[in-house]
1. So in segment 20-72, with the set limited to residues that are aromatic (Phe, Trp, Tyr) and within 19 Å of LEU101 (Cβ to Cβ), which one is nearest to the chain's Cα centre (by Cα)?
2. Just one of (1) touching a Ser or Thr at 6+ places or on another chain (Cβ under 8 Å); (2) on the phi > 0 side of the Ramachandran plot trips up SER24, so point out which.
3. Looking at ASP26 and the list (1) modelled with pLDDT of 95 or more; (2) surrounded by 13 or more Cβ atoms within 10 Å (Cβ to Cβ), which single condition is not satisfied?
4. Check off (1) open to solvent by 50 Å² or more (accessible area, probe 1.4 Å); (2) at pLDDT 90 or above for TRP61 and give me the number that stays unchecked.
5. Kindly indicate whether ASP98 is part of a loop (DSSP other than H, G, I, E, B), open to solvent by 50 Å² or more (accessible area, probe 1.4 Å) and modelled with pLDDT of 90 or more.
6. Looking at VAL67, VAL34 in this structure, which one is β-branched (Val, Ile, Thr), within 19 Å of PHE7 (Cα to Cα) and surrounded by 13 or more Cβ atoms within 10 Å (Cβ to Cβ)?
Amino acid sequence: MGRPRGFDEAEVVRSAARLFAGRSYDGTSIDDLVTHLGLHRNSLYKTFGSKRGLYLAALRWSLEHEVAPLIDRVAEAAGPAEALRAALGPPDGGGGLDLLL
């Protein structure tokens, strides 16, 4: 039996999503991830397989926790102006479409 993880995988994915959103995939190195996320390179590779694997996990997290709620807010808007406000300025201060863009 292996050692238990010394980090919260969900928090690592959330933090990686913010980092990728701010710097882009190509603008974020493995060293950036290791430093920013506070985990060892081996842990990153063992858990996610690669930088791409972590990016895909971050993208899935962003779609589920930021994009889907944003789509719901736009769909529930009373009119076009309200829908535009919902799309451009998430009231919760979340990233919205940052990672996708």
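1. As a first pass, look at segment 20-72 and keep what is aromatic (Phe, Trp, Tyr): 20, 25, 45, 48, 55, 61.
From what is left, the residues that are within 19 Å of LEU101 (Cβ to Cβ) are 20, 25, 55, 61.
Values: PHE20: 7, TYR25: 11, TYR55: 8, TRP61: 5 Å.
Out of the qualifying residues, it is TRP61.
2. (1)
3. Here ASP26 meets the rest and fails (2).
4. (1)
5. Values: part of a loop (DSSP other than H, G, I, E, B): yes; open to solvent by 50 Å² or more (accessible area, probe 1.4 Å): yes; modelled with pLDDT of 90 or more: no.
So ASP98 fails the test.
6. Details: VAL67 fails: within 19 Å of PHE7 (Cα to Cα).
One residue alone meets the criteria, VAL34.
The values are calculated or read from the model by the stated rules, or taken from the named source; none is laboratory data. Predicted, not measured: the structure shown is a model, and the values here were computed from it. Cβ coordinates were reconstructed from backbone atoms using ideal geometry, including for glycine residues, and neighbour counts include every protein chain displayed. Calculation scope for accessible area: heavy atoms of the full protein, side chains included, ligands and nucleic acids excluded. Shrake-Rupley method; radii C 1.70, N 1.55, O 1.52, S 1.80 Å.
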